Amino acid sequence: MITYGYERVSTKEQNLDRQDIAIKKFRPDIEENNIFRDKLTGKSFDRPQYNEMKVILGHISKVNEGRDIIEVVFSELDRLGRDSNGIKKELEWFKEHRIIVRVLEIPTTLMDVNSENTWAIELINQILIEVYSAMAQQEIEKRAKRQSEGIDAAMARGVKFGRKPIETNKEQFKTVYDKWKAQEITAVEAMKELSLKPNTYYRRVKEYESSLKF
């Protein structure tokens, strides 16, 4: 049996201890070098450690020629990814390379078989994978819907989203603007006095000059 493990969290602030403990409890003899860890979002499957693991597994599968069972262990299916279509594509890759996927939250995937009967676990896994990946996608869509509804409800209550507009005292702006127009100071100095970035400064200048026409 050749065992690899994969762990993932979405941000650098999160830790992988829970996943690490779960995988090592399931396979106490797994080699530390065979566990790959990423701290990146699951929306994309382009992750350094995940990609490196696939390269190694692909090579092992090629030279192994079915002699030993190769497995990769995940604590939960969403550690692999967050998109059902992407999950299916990745799982198909593992299947094509004769690698058994173990998902600790899916008990049926944990059944041990010998190298002559891997077809049985592959068949069961394929059925479960279809169901679980669809469920994962539904949960993502529900979460997005709840978030959207929450934002809509908050906006209806008058809650503002995005960065708070930079407030500039009109008299102060006029004073600085007049000095700038009289070439007493440069635009950079004007921005510094008003604590404005270039795009904001010139937008305020345009708004101010437009107001002078009326």
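The values are calculated or read from the model by the stated rules, or taken from the named source; none is laboratory data. Not measured: the values here are computed from a predicted model. Methodologically, a virtual Cβ is constructed for each residue, glycine included, from the backbone with ideal geometry; neighbour enumeration extends over all protein chains shown. Remember, those area values only see protein heavy atoms, side chains included, never the ligands or the DNA or RNA. Shrake-Rupley method; radii C 1.70, N 1.55, O 1.52, S 1.80 Å.
Once R0 is set to 45 Å, what does the formula 1/(1 + (r/R0)^6) return for the Cβ-Cβ distance between Arg37 and Glu65, expressed as a FRET efficiency to the nearest 0.05? Walk me through the intermediate numbers first.
Details: r = 29 Å, r/R0 = 0.65.
So the FRET efficiency works out to roughly 0.95.
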Roughly what would the spin-label model give for Glu184 and Gln14, points 7 Å off Cα along C-beta, in nm?
-> 5.6 nm
Quick one: accessible surface of Val63, probe radius 1.4 Å, all protein chains present, in square angstrom to the nearest 10.
-> 80 Å²
Which residue, chosen from Asn64, Phe26, Phe45, occupies the Cα position most advanced towards the positive end of the dipole of region 17-74, where the dipole is computed from +1 (Lys, Arg) and -1 (Asp, Glu) charges on Cβ about the Cα centre?
-> Phe45
In region 7-107, if every C-alpha pair distance is counted and binned at 5 Å from zero, what percent goes to each bin?
-> 2, 12, 23, 27, 22, 11, 3, 1, 0
Using modelled backbone amide H atoms (1.01 Å from N, in-plane), which distant-in-sequence or interchain residues come within less than 5 Å of Met111's amide H?
-> none
Please list the non-local residues whose amide H lies under 5 Å from the amide H of Ile2, H modeled 1.01 Å from N, same-chain partners needing a gap of 5 or more.
-> Ile69, Ile70, Glu71
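Give me the Å³ per residue figure for the convex hull around the C-alpha atoms of region 47-93.
For region 47-93, the hull spanned by Cα atoms encloses 78 Å³ per residue.
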